[in-house]
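The values are calculated or read from the model by the stated rules, or taken from the named source; none is laboratory data. What you are looking at is a predicted structure, and each value in this text was computed from that prediction instead of being measured. Virtual Cβ from ideal backbone geometry, glycine too; neighbours counted across all protein chains shown.
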Amino acid sequence: MKKLVIPKGRTTAVKILWSGFRPMYDYWGNELKRFYKFDTLVSSVSSYLETKDKFINDTIHSVMGPAQITSLKFHLFQEGKYQFIFKLTAENKKLKKANFAFVVAKDGNELTKTARIEHNILKKLHLKCPQFVVKPYGGDYLFFPDRHGRKEFHRNIYAYMTEWLSGYEELGINKDLQFYTNVLSPHTFSVSETNNIKIKIMEIILSLYNQENEESIVLPEIASGDFVIKRSPSKNHKLKMIACRGTLKRITLEKLISLFLTTSWKWGNRKFTLLPDNPHDIVRTLVKIFGKEKTIIALNNLWNNEKNLLKNLAVPYEYVTVLKKSSIQ
C-alpha cells in the first residue's frame with residue numbers, strides 16, 4: 001500500500017509518500033498487535049509538519065544542509081513489541097538524498113514513556129560507544145486525536161529519528177536458538193557464528209558499563225529487535241544496538257557478570273541465554289574490556305558472594321565450575 005500526502009500550509013512544496021503498510025508477524029507466525037491505524041499516523045505526521053515540527057526538518061537539515069526539502073518517503077521497515085521503525089528517505093531541491101530511521105511508539109502511555117526513555121538512553125550510550133550504538137537525533141510527541149473527538153481518548157505518541165544503518169538487518173532467534181536475520185529472505189547463522197555473536201553482544205554490554213557510576217544497561221531483548229547485524233563474507237559480522245529500554249543503577253561488575261549467568265528467556269519450549277558455549281570466552285571478553293587486574297578482582301568478588309549472586313543459574317553448575325577454573329590465577 002502506498003499513500004501520497006501533500007500537506008497544506010508551509011510545507012506545500014513537500015511531497016510525502018508512505019509505503020510498506022502490511023501486517024507483520026513474530027517468529028512464531030503471530031500477527032503483531034497494533035493500537036492505532038496507519039491512517040492516523042499519516043494524518044498526525046502531516047499535521048505535525050504543518051504546525052510545530054521540532055525535530056524532523058531540523059534533523060534532515062543537520063545532515064543534508066539548508067536547501068529546501070522537497071520530498072519525504074516513509075517505508076515501514078521493522079515492527080516490534082514496542083515500536084514501528086520506518087526508513088525515511090529525504091530529498092531536497094539540490095536532488096540530494098539521505099536516509100534516516102523514523103521510530104514511532106506503538107501506543108501512548110507506557111509504550112510512549114518507554115520510547116522517550118529509550119531515546120534518552122541511546123543518546124548517552126552513543127556518546128560512550130559510537131561504534132556500537134546507533135546515532136540518535138531529535139524527537140518529540142505526535143498528537144493522535146480520537147476519531148470521535150473524545151478528549152479523554154486523545155493520545156500523544158513519542159517519535160524520534162536516528163541514523164539509517166545501511167546494510168544492517170534485524171537480528172532474531174530461531175527455534176534452534178540460532179541467530180538469524182529477520183527479513184523477507186532470512187539468513188540463519190551457524191552454531192559457531194551464533195556463539196561468536198553472543199560474545200560480541202557481551203562485549204558491547206560490558207563496553208557500555210559505567211564503572212565509575214556502577215551503571216549498566218538492562219540485558220537486551222534480542223527477540224524484540226534490539227540489535228541489527230551487517231553480515232560479512234569473512235564471518236566478522238558487525239553489530240549495532242538500536243534499542244535499550246532501561247538501565248541498572250548501583251550494579252557492581254561482579255553483579256553484572258552474575259546477570260549473564262542467571263538470565264534467560266523462554267523461547268518456545270526452550271531457554272535462550274547470552275552465554276557463549278565456552279566459559280573461557282567470558283574471561284577473555286572481561287580482560288579485553290577491563291584488563292586483567294579488574295577482571296580478577298570482579299571474579300573473586302563473585303565467587304566470594306556466590307550464594308547471593310548465583311541463586312538461580314540459567315546454565316548447569318558445571319558451566320560455573322569451568323568458569324571458576326578459567327579465572328583462577
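Annotations
- Members of the range 282-319 found to be under 25 Å from the mean Cα position of the chain (by Cα) and either of a type in the set (A, V, I, L, M) or surrounded by fewer than 18 Cβ atoms within 10 Å (Cβ to Cβ) (or both), listed by number: Ile282, Leu286, Lys288, Ile289, Ala314
- Residue that is surrounded by the most Cβ atoms within 10 Å (Cβ to Cβ), among those in the range 320-329 that are out of contact with any Pro (no Cβ under 8 Å at 6 or more places or on another chain) and not β-branched (Val, Ile, Thr): Ser327
- Residues of the range 126-159 classified as within 13 Å of the chain's Cα centre (by Cα) and of a type outside the set (Val, Ile, Thr), total: 4
- In the range 263-277, the residues that are farther than 12 Å from Met202 by Cβ and touching a helix residue (DSSP H, G or I) at 6+ places or on another chain (Cβ under 9 Å): Trp265, Trp267, Phe272, Asp277
- For Pro276, the stated conditions hold: it is of a type outside the set (A, V, I, L, M), surrounded by 15 or more Cβ atoms within 10 Å (Cβ to Cβ) and within 20 Å of Val322 (Cα to Cα).
- Test: residue in the range 4-12 that is at pLDDT 90 or above and in contact with a Phe, Trp or Tyr (Cβ under 8 Å, 6 or more places away or on another chain): no
- Scanning the range 220-234 for residues that are surrounded by fewer than 19 Cβ atoms within 10 Å (Cβ to Cβ), within 18 Å of the chain's Cα centre (by Cα) and hydroxyl-bearing (Ser, Thr, Tyr) turns up at least one hit.
- The set of residues from the range 23-49 being farther than 24 Å from Tyr141 by Cα and either in contact with a strand residue (DSSP E or B) (Cβ under 7 Å, 6 or more places away or on another chain) or not polar (S, T, N, Q) (or both) comprises Pro23, Met24, Tyr25, Asp26, Tyr27, Trp28, Gly29, Glu31.
- Subset of the range 257-272 (residues that are in contact with an Asp or Glu (Cβ under 9 Å, 6 or more places away or on another chain) and part of a helix (DSSP H, G or I)): Ser258
- Residue match in the range 84-102 (condition: crowded, with 20+ Cβ neighbours inside 10 Å, basic (Lys, Arg) and in contact (Cβ under 8 Å) with a residue 12 or more places away in the chain): no
- Matching residues, the range 89-138, being among the aromatic types (Phe, Trp, Tyr) and within 30 Å of Ala67 (Cα to Cα): Phe100, Phe102, Tyr137
- Pairs linking a residue in the range 251-274 that is within 12 Å of Val315 (Cα to Cα) and not assigned by TED's automatic domain parsing to the domain that holds Leu302 to a residue that is crowded, with 17+ Cβ neighbours inside 10 Å and of a type in the set (D, E, K, R), with Cβ atoms under 9 Å and 6 or more positions apart or on different chains, do not occur.
- Checked against (1) at pLDDT 95 or above; (2) buried (at least 19 other Cβ atoms within 10 Å of the Cβ), Ser207 meets all criteria but (2).
Yes or no, residue by residue, for (1) assigned to a helix (DSSP H, G or I); (2) free of Cβ contacts under 8 Å to residues at least 24 places away in the same chain; (3) not basic (Lys, Arg):
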site	(1), (2), (3)
Asn195	yes, no, yes
Lys198	yes, no, no
Ile201	yes, no, yes
Ile204	yes, no, yes
Glu212	no, yes, yes
Leu219	no, no, yes
Val228	no, no, yes
Pro233	no, yes, yes
Lys240	no, no, no
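- Taking (1) touching a strand residue (DSSP E or B) at 6+ places or on another chain (Cβ under 8 Å); (2) part of a helix (DSSP H, G or I) in turn, Tyr158 satisfies each apart from (2).
- When residues of the range 127-155 are limited to those that are of a type outside the set (Phe, Trp, Tyr) and in a helix (DSSP H, G or I), the one farthest from Cys244 (Cα to Cα): Lys151
- Residue tally, condition over 29 Å from Pro186 (Cβ atoms) and buried (at least 21 other Cβ atoms within 10 Å of the Cβ), over the range 70-83: 1
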